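This report refers to the structure that appears directly beneath it.
The values are calculated or read from the model by the stated rules, or taken from the named source; none is laboratory data. These numbers were taken from a predicted model, which means no experiment stands behind them. Virtual Cβ from ideal backbone geometry, glycine too; neighbours counted across all protein chains shown. Just the protein is used for accessible areas: all its heavy atoms, side chains included, with ligands, DNA and RNA removed. Shrake-Rupley method; radii C 1.70, N 1.55, O 1.52, S 1.80 Å.
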Amino acid sequence: MLYEDPFIQTIIKHEQLMHDLRRVRSLHLPQSYIGAGYIRNYIWDVLHGYDLRELHSDIDVVYYDAQDLREERDIQLEQQLCEETGNSKWSVKNQARMHLRNGTVPYDSTEDALRYWPEVVTAIGVQLDEEDRVNICAPHGLYDLYQLIVRKSPFFTDADYYNQRVQKKRWQEQWPKLTIITA
């Protein structure tokens with residue numbers, strides 16, 4: 001995957017993220033990753049030459065378990081992570097049930113679910129294996145992330161929602177080198 005090596009090296013340098021990845025790994029959730037803004041914003045900061053700013057509104061933990069679709073499980077996991085870390089930003093979602101909320105066909109894996117996230121650049125997850133190796137889940141690759149391009153995922157069909165979301169996020173004010181492509 002293009003940009004895989006620099007991406008992994010950058011992730012390894014973020015001590016808090018590595019600590020959070022170990023914590024998520026300890027939950028033993030199938031196909032689990034930390035993704036979205038925590039990862040995206042950190043890489044954008046690095047590419048802009050900024051110091052670590054922690055500009056994420058939540059810590060998205062995604063996993064795929066078709067055998068247990070209870071929303072209560074996600075809530076319990078969020079509460080556990082919040083209590084263990086003292087950080088209220090944790091958000092845990094089983095992607096095996098998220099198609100119901102999103103009005104799409106059922107997903108068959110975490111990677112498949114990420115494919116349908118609104119922006120290509122947000123559809124990126126990271127996990128640690130048992131040997132502390134960084135594994136990447138990026139169904140659209142890392143090109144847009146490293147080229148500072150924001151575009152709608154080809155699998156996300158609601159162009160109006162995408163455009164409103166990008167406008168509301170005001171990312172270009174924080175990261176002026178971004179190129180935002182409206183749908």
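Would you tally the residues in segment 96-146 being closer than 25 Å to Asp5 by Cα, surrounded by fewer than 16 Cβ atoms within 10 Å (Cβ to Cβ) and not acidic (Asp, Glu)?
Total satisfying the criteria: 3.
With (1) modelled with pLDDT of 95 or more; (2) farther than 20 Å from Arg101 by Cα; (3) open to solvent by 10 Å² or more (accessible area, probe 1.4 Å); (4) within 17 Å of the chain's Cα centre (by Cα) as the list, and Glu78 as the residue in question, which single condition is left unmet?
Failed condition: (2).
Rundown of residues vs (1) without any contact (Cβ under 8 Å) to a residue 12 or more places away in the chain; (2) on the phi > 0 side of the Ramachandran plot; (3) within 13 Å of the chain's Cα centre (by Cα); (4) assigned to a loop (DSSP other than H, G, I, E, B), yes/no style:
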| residue | (1), (2), (3), (4) |
| --- | --- |
| Glu83 | yes, no, no, no |
| Arg101 | yes, no, no, no |
| Val105 | yes, no, no, yes |
| Glu111 | no, no, yes, no |
| Gln127 | no, no, yes, no |
| Phe156 | no, no, no, yes |
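Residue-by-condition table, conditions (1) within 16 Å of Glu131 (Cα to Cα); (2) assigned to a strand (DSSP E or B); (3) touching a residue at least 60 places away in the same chain (Cβ under 8 Å):
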{"site": "Leu2", "(1), (2), (3)": "no, no, yes"}
{"site": "Phe7", "(1), (2), (3)": "no, no, yes"}
{"site": "Thr10", "(1), (2), (3)": "no, no, no"}
{"site": "Met18", "(1), (2), (3)": "yes, no, yes"}
{"site": "Arg23", "(1), (2), (3)": "yes, no, yes"}
{"site": "His28", "(1), (2), (3)": "yes, no, no"}
{"site": "Ile34", "(1), (2), (3)": "no, yes, yes"}
{"site": "Leu47", "(1), (2), (3)": "no, no, yes"}
{"site": "Asp51", "(1), (2), (3)": "no, no, no"}
